[in-house]
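The values are calculated or read from the model by the stated rules, or taken from the named source; none is laboratory data. All of these numbers come straight from a predicted model, not from anything done at the bench. Quick reminder, even Gly has a Cβ in these numbers, built from the backbone with ideal geometry, and neighbours come from all protein chains shown.
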Amino acid sequence: MELDRRILLVDGPDGALQQLALDLIGRDFDLHYANDLDEAQLIALEAGDRIIAVLFSTSLDLGRVPDLASRFRVEPAALIPVGPRPDEEAVAALAAHGVRWHLFDDPPDESVRFVISGVLFDQDPFEIRYHLRVPTSIPATLEIGSKQGEATMRDIGSGGACLLGPSGGREGDRGQLRFEVDDQPIEIPVRVCWDAGEAGEAGSVCGVSFQEVDPEAGRALDRLREAVIGRHRITKSA
């Protein structure tokens, strides 16, 4: 069964989020775009409970978050403000109303992907991943048997990572993943869960699950994840 996951993007009158809307077309969800609140409300009504996240312009009245959540038929935690960062009083109000994630100040594409995945992770009842992945660009070495390849970790979580580069393995293969976090060498035994390219192919992508993480490596991973999450999380102390 194909999941019907939809995202609503509510722009301001200036149309500042049009390019973001174009960039999001073709992702793992259907995108609805509106630059009028009444139109956005009609779209949400027609979509029923299939709207998982709502990206909305910070040019809108941020004090109306409870009203926006009600109009779009989502929880406040599904709302993502996008655009120039508002003053700290407004950010604190967002947190008080239950908004958890933000995309302030022209974020890069990996941040957009991460925050949307964070909301999907929190809100989507069909999400099967146990650990939220954070985007990274960390050099890594994957060793499987006598073969080893240099790769880049595209994202990482408590239970695994996605690697871009020659994997040298196939689904079910076991090996060692080596990388550094803040100059601390990390080595984790892994199993290849999936592979989307030919072994040794430079542009291949594969996913690995961590088989055992020692406490020291676990703390390093937690620091890495928390640092990335903290850049996009709205907290009540903000």
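Structural remarks
- Within the range 146-182, being small (Gly, Ala, Ser), more than 26 Å from Val112 (Cβ to Cβ), surrounded by fewer than 18 Cβ atoms within 10 Å (Cβ to Cβ) and in contact with a strand residue (DSSP E or B) (Cβ under 7 Å, 6 or more places away or on another chain) holds for one residue alone: Gly172.
- Residue match in the range 183-193 (condition: modelled with pLDDT under 90, in contact with a helix residue (DSSP H, G or I) (Cβ under 7 Å, 6 or more places away or on another chain) and loosely packed, with under 15 Cβ neighbours inside 10 Å): no
- Any hit, the range 32-48, residues being more than 14 Å from Ile116 (Cβ to Cβ) and among the β-branched types (Val, Ile, Thr): yes
- Positions within the range 48-62 being within 25 Å of Ser111 (Cβ to Cβ) and not in a strand (DSSP E or B), in sequence order: Arg50, Thr58, Ser59, Leu60, Asp61, Leu62
For every residue, the table says whether it meets (1) without any contact (Cβ under 8 Å) to a residue 24 or more places away in the chain; (2) crowded, with 16+ Cβ neighbours inside 10 Å; (3) assigned by TED's automatic domain parsing to the domain that holds Leu24; (4) closer than 16 Å to Ile7 by Cα.
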| site | (1), (2), (3), (4) |
| --- | --- |
| Ile52 | no, yes, yes, yes |
| Phe56 | no, yes, yes, yes |
| Arg64 | yes, no, yes, no |
| Ala93 | no, yes, yes, no |
| Trp101 | no, yes, yes, yes |
| Asp105 | yes, no, yes, no |
| Ser117 | yes, yes, yes, yes |
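- Residue in the range 3-19 that is outside any strand (DSSP E or B), modelled with pLDDT under 90, closer than 22 Å to Gly118 by Cα and acidic (Asp, Glu) present: yes
- Selection count where residues are surrounded by fewer than 16 Cβ atoms within 10 Å (Cβ to Cβ) and modelled with pLDDT under 90, scope the range 198-221: 6
- Boolean, Val54 is closer than 21 Å to Pro76 by Cβ and more than 18 Å from the chain's Cα centre (by Cα): no
- Sole exception among (1) within 19 Å of the chain's Cα centre (by Cα); (2) part of a helix (DSSP H, G or I) for Ile80, by number: (2)
- Of all residues making up the range 7-34, the number that are under 20 Å from Ser70 (Cβ atoms) and either among the polar types (S, T, N, Q) or surrounded by 18 or more Cβ atoms within 10 Å (Cβ to Cβ) (or both): 7
- Condition met for Gly26 (part of a loop (DSSP other than H, G, I, E, B) and touching a strand residue (DSSP E or B) at 6+ places or on another chain (Cβ under 6 Å)): no
- Residue within the range 57-67 that is under 14 Å from Leu8 (Cα atoms) and out of contact with any Gly (no Cβ under 7 Å at 6 or more places or on another chain) present: no
- Any hit, the range 105-112, residues being part of a helix (DSSP H, G or I), hydrophobic (A, V, I, L, M, F, W, C) and either in contact with a helix residue (DSSP H, G or I) (Cβ under 6 Å, 6 or more places away or on another chain) or closer than 19 Å to Leu24 by Cβ (or both): yes
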